[in-house]
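Step one of this worksheet: look at the structure below.
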Amino acid sequence: MMIDKDEAATRLGVSRNFIDTLIKRGELKAVKLGTRTVRIPEDEIQRLSKGE
């Protein structure tokens, strides 16, 4: 399942801007579905929340 950046931020307890930073650093994998649409695999959120 894929989630949007707002949902990812809520689940991780961080800001949407921080999600953008993690994506830019390559620390969070994301899939670009269009010019402005980005989705994040749910397993990436689980991986980050576990501290891996």
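Between R16, R25, R36, which gets the highest mean-square fluctuation from a Gaussian network model of the chain, Cα cutoff 10 Å?
Result for the chain, Cα springs under 10 Å: R36 fluctuates most.
Express in % the proportion of alpha carbon pairs of the chain at distances exceeding 17 Å. Walk me through the intermediate numbers first.
Values: 292 of 1326 pairs.
Counting every Cα pair in the chain, those more than 17 Å apart make up 22 percent.
Determine the calculated [θ] at 222 nm for the chain from helices alone, applying -39500 (n - 2.57) to every DSSP H run no shorter than 4 residues and normalising by the residue count; nearest 500 deg cm²/dmol. Could you put the intermediate results ahead of the total?
Details: 3 runs with 26 residues, N = 52.
When only DSSP H runs of four or more count, the value is -14000 deg cm²/dmol.
Any idea of T10's accessible area? Nearest 10 Å², probe 1.4 Å.
Surface open to solvent at T10 totals about 100 Å².
Per residue, how many Å² of accessible area does the chain show with a 1.4 Å probe?
Values: 3720 Å² over 52 residues.
Heavy-atom SASA per residue in the chain reads 72 Å².
To the nearest 10 square angstrom, what accessible area does L12 show with a 1.4 Å probe?
Accessible area, nearest 10 Å²: 50 Å².
May I ask you to give the percent of accessible area on the chain that is carbon plus sulfur, with a probe radius of 1.4 Å? Write out the running numbers ahead of the final one.
On the way: 1690 of 3720 Å².
Carbon-and-sulfur percentage of accessible area, whole number: 46.
Taking the Cα centre as origin and putting +1 on Lys and Arg beta-carbons and -1 on Asp and Glu beta-carbons, what dipole magnitude results for the chain, to the nearest 20 debye? Walk me through the intermediate numbers first.
On the way: 11 positive and 9 negative charges, 40 e Å.
In total the dipole reaches around 200 debye.
Which of G51, L22, I40 sits closest to the plus end of the dipole of the chain, meaning its Cα is farthest towards the positive end, when Lys and Arg get +1 and Asp and Glu get -1 on the C-beta?
Of the candidates, L22 comes out farthest on the positive side.
List nothing, just return the count: lysine pairs in the chain, 8 or more apart or interchain, with Cα separation under 14 Å. Provide the component values of the computation, followed by the final result.
Numbers: K5/K24; K5/K29; K5/K32; K24/K32.
Going through the chain pair by pair, I get 4.
The values are calculated or read from the model by the stated rules, or taken from the named source; none is laboratory data. The shown structure was predicted, so the numbers you read here are calculated from the model rather than taken from an experiment. Neighbour counts are summed over all protein chains in view; Cβ atoms, including those assigned to glycine, are modelled from backbone coordinates with ideal geometry. With ligands, DNA and RNA removed, areas are computed over all heavy atoms of the protein, side chains included. Shrake-Rupley method; radii C 1.70, N 1.55, O 1.52, S 1.80 Å.
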